[in-house]
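Single-structure report; data block below.
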Amino acid sequence: MSAGAPDPLWYRKAIFYEVSVKSFFDSNADGIGDFPGLTQKLEYLVDLGVNCLWLLPFYRSPLKDDGYDIADYYNINPDYGTLEDFQTFLHEAHRRGLKVIADLVMNHVSDQCPWFQEARVNPKSPKRDWFVWSDTDRKYSGTRVIFLDTERSNWTWDPVAGQYFWHRFYGHQPDLNYDNPAVREEMKNVVRFWLKVGLDGFRCDAVPYLFEREGTSCENLPETHAFLKEIRALVDREFPGCVLLAEANQWPSDVKAYFGQEDEFQMAFNFPLMPRIFMALRKEDRTAVVDIIQQTLPIPKSCAWGIFLRNHDELTLEMVTDEERDFMYHEYARHPKMRLNLGIRRRLAPLVDDDRATLEMLHGLLFSLPGVPILYYGDELGMGDNIYLGDRNGVRTPMQWSPDRNAGFSRADTELLYNPVIVNPNFHYEARNVEAEMRLPTSLLRWVRYLIQVRHELDPILGEGEIRFLDLPNRKVLAYLRSRGSEHLLCVYNLSKSPTAAEISLPEFNGWTPVEALSGTPFPKIGELPYFFTLGPHAFFWFRLQGPHEPAG
Ligand code: GLC
Ligand code: CA
């Protein structure tokens, strides 16, 4: 990012970009994206303005859960390239000032992993105790099943072992036994291995589930937090400046606990916020967003929320009430194929019926609510999805580069692609791709690029500033001030699909001038009376507030 001494809080000013190696660019025409391909496309990411890539799991795996089922933690899936290709990629990314973090799957392995294979065949092997076995499937009965559509229990009978094994996800993903010190040590070795190779941190997968205790939900246990703190201490001691980002899909107070006392995770996904943004939009009422932001603040000073609109999974509705979930399904997932487990498997643009104003407004929120924005590859193009592909594959289709064969993703025969490209007429890759959108000055891609640039210019306020919600009577309008010292950004959103008006009372800014931040256009001065706005459908504004004695510009 900047020359000179490295900034240990770099992540707070960064924009993250989630990308799957498999989906980005195929360099050797086998239909599967790879590290040399990703390396070739780094310039695109630099131009987009993102600062940190989050790579989905790229380790050896039978890919029954798209790589979250790891068979070998110390090697790369050969389809994606070699360790050398990975090192070249890292070097090229770092050379361009990009940081790179990767998924660290601590909770479970693939049933193909040699550790599990050894454990199941030989009860005397030291590996046996690396997993959680039981003679009955009734232990830990207070624990919910996460993959509801496919799993009936967290226990699966293993005929070879003659016992049940414990798993929080698919039945082919046995959980590791964190009560065993050898498991804890091994996971630390995995962390050391990849940070030595040069990663800048990890997105730590499924962290609430590491330990099990009878009579509990087996989530967020004190033992789990204690081990995660050991990982953090290791990272701080041996690899200072590296970041740990928690995937803990939990209620607000439980997620906040993952920051610890600045001694656990530096970052955590703001899972509670995400569905409530979509809810506020269709309810045309800001309440859900205001309430949840207030519940998710404050957090320790060096920590940051990771904010996202969509990711590689279903839009999860685990942490909302039943009534809210019904509302969300009704608004966003009328077709049964759009649903998966407790969530909605659609990409951003299709979710909002490809409405440009809504897409812009959602990005306005993503880039100005407190936290670090995390983009999901392809959403900057308004990429479509394919709800007829199984599991979550419909939101993991190839990146669309050009109107050429296979959207320019691969020169392979089309039948070879790991997933088909999007050909739905409303989202066809021939129009929705990087080349076409770069040519069109008004495209979503060009707009997102510009917004990222503006966000970087407003970095100190948006990265570190406080938030204060403004309480205006019209609840269709969400308005807040982001402030840092004497710098203020006023953000105003019309959540509704109809034009609306809002009066915002800003007595302390009497005599100040709102300057629209995307265009630099000055608006009339704020006076003694409430400031009056009219907003078109789903319109949003960011205003820099210019003090009476500040020079214009
Ligand atoms: C996380 C990942 C998801 C995966 C699951 C099991 O929730 O985001 O893709 O299926 O963990 O590893
Ligand atoms: Ca390839």
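Read-outs: derived from the displayed coordinates by stated rules, not from any lab. What you see is a predicted model, and the numbers here were worked out from it, not measured in a lab. Positions of Cβ are generated from backbone atoms using ideal geometry, with glycine treated the same way; all protein chains shown enter the neighbour counts.
Past 23 Å, Cα to Cα: identify those pairs from Lys22/Lys229; Lys22/Lys99; Lys64/Lys337; Lys139/Lys229; Lys22/Lys127; Lys64/Lys139, in the order given. It would help to have the intermediate numbers written out before the result.
On the way: Lys22/Lys229 32 Å; Lys22/Lys99 19 Å; Lys64/Lys337 20 Å; Lys139/Lys229 27 Å; Lys22/Lys127 31 Å; Lys64/Lys139 26 Å.
In this structure, Lys22/Lys229; Lys139/Lys229; Lys22/Lys127; Lys64/Lys139 exceed 23 Å between Cα atoms.
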antiparallel share of DSSP beta bridges within the chain, to nearest 5, in %, is 60 percent
Taking every pair of Cα atoms in region 114-208, average 1/r, invert it to obtain the Kirkwood radius, and report Rg/Rh to two decimals. 1.01
Environment charge at Gly527 (Cβ cut-off 15 Å; Lys +1, Arg +1, Asp -1, Glu -1): -2
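Count the net charge of all other residues whose Cβ sits under 15 Å from the Cβ of Val235, scoring Lys and Arg as +1 and Asp and Glu as -1. Don't skip to the answer; put the middle values down first.
Values: positive: Lys99, Arg184, Lys188, Arg192, Lys196, Arg203, Lys229, Arg232, Arg237; negative: Asp200, Glu230, Asp236, Glu238, Glu262, Asp263, Glu264.
Neighbour charge sum, excluding Val235 itself: +2.
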Using Cα-Cα distances under 8 Å and only pairs 6 or more residues apart, what relative contact order does region 170-305 have, in percent? 19 percent
Zero-based 5 Å bins, Cα pair distances in region 52-200, whole percents: 2, 9, 17, 20, 18, 14, 9, 6, 4, 1, 0
Per 0.36 nm of contour for each residue apart, how much would the distance between Asp459 and Gln112 grow if the chain were fully extended, relative to their Cα-Cα spacing? 120.4 nm
Distance between region 485-553 and region 395-455 - C-alpha centres, whole angstrom: 35 Å
Kirkwood hydrodynamic radius of region 121-270 from all distinct Cα pairs, in Å? 16.5 Å
Region 503-520 - phi-based ³J(HN,Hα) in whole Hz, Karplus 6.51/-1.76/1.60, Gly and Pro as x: 10, 10, 8, 9, x, 6, 10, 3, x, 8, 10, x, 10, 4, 6, 7, 10, x
State the extension gain, in nm to one decimal, for the chain segment bounded by Gln294 and Asp30, taking 0.36 nm per residue of separation less the distance between their alpha-carbons. 90.2 nm
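Could you give me D for the chain, from Stokes-Einstein at 4 °C and 1.567 mPa s, where the hydrodynamic radius is the Kirkwood radius over C-alpha pairs? Units µm² s⁻¹, please.
Working: Rh = 24.6 Å.
For these conditions, the coefficient is 53 µm²/s.
Could you grab the relative contact order for the chain? Cα pairs under 8 Å, six or more apart, rounded to a whole percent. Present the calculation step by step, with values, prior to reporting the outcome.
Details: 1123 pairs, mean separation 66.3, N = 553.
Relative contact order, the chain: 12 percent.
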If every alpha-carbon in region 322-442 counts as one equal scatterer, what log10 I(q)/I(0) does Debye give at q = 0.13, 0.16, 0.23 1/Å? -0.58, -0.85, -1.40
Cα convex hull of region 43-82: mean projected area in nm², to one decimal? 3.6 nm²
May I ask for the angle, rounded to the nearest 10°, between helix 322-332 and the longest principal axis of the chain, with both axes built from Cα atoms and the value confined to 0 to 90°? 70 degrees
What do you get for the angle between helix 356-366 and the principal long axis of the chain? Use alpha-carbon atoms, 0 to 90 degrees, nearest ten. 70 degrees
Take every Cα pair under 8 Å in region 149-195 that's 6+ residues apart, average their separations, divide by the length, and report that relative contact order as a whole percent. 23 percent
Please list, ordered by chain and number, the residues whose modelled amide H lies under 5 Å from the amide H of Ala246; skip anything fewer than 5 residues away on the same chain. Cys204, Met267, Ala268, Phe269
Under a Cβ-Cβ cut-off of 11 Å, what is the net charge of the residues other than Glu186 that fall near it, where Lys and Arg count +1 and Asp and Glu count -1? +3
Just want the ordering: Asp79, Asp47, from fewest to most Cβ atoms lying within 10 Å of their own Cβ. Asp47, Asp79
Folded to 0 to 90 degrees: helix 181-197 orientation relative to the chain principal axis, Cα: 50 degrees
Cα convex hull volume per residue for region 1-55 (Å³): 86 Å³
Counting C-alpha atoms alone, how compact is region 267-360: give Rg to one decimal and Dmax as a whole number, in angstrom. 13.5, 43
For region 164-249, what number results from the quotient of the Cα radius of gyration and 2.2 N^0.38 Å? 1.13
Just the number, please: Stokes-Einstein D of region 419-493 in µm²/s, Kirkwood Rh from C-alpha pairs, 10 °C, 1.306 mPa s. 103 µm²/s
Check cross-link reach from Lys497 to the aspartates and glutamates: straight Cα distance under 15 Å, and skip same-chain residues fewer than eight apart. Glu284, Asp285, Glu331, Asp353, Asp354, Asp355, Glu360
Would you mind getting me the FRET efficiency between His94 and Ala501? Use the beta-carbon distance for r and R0 = 41 Å, nearest 0.05. 0.25
Would you mind computing, in nm to one decimal, how far apart the modelled labels at Glu238 and Ala431 are, each placed 7 Å from Cα along Cα→Cβ? 5.3 nm
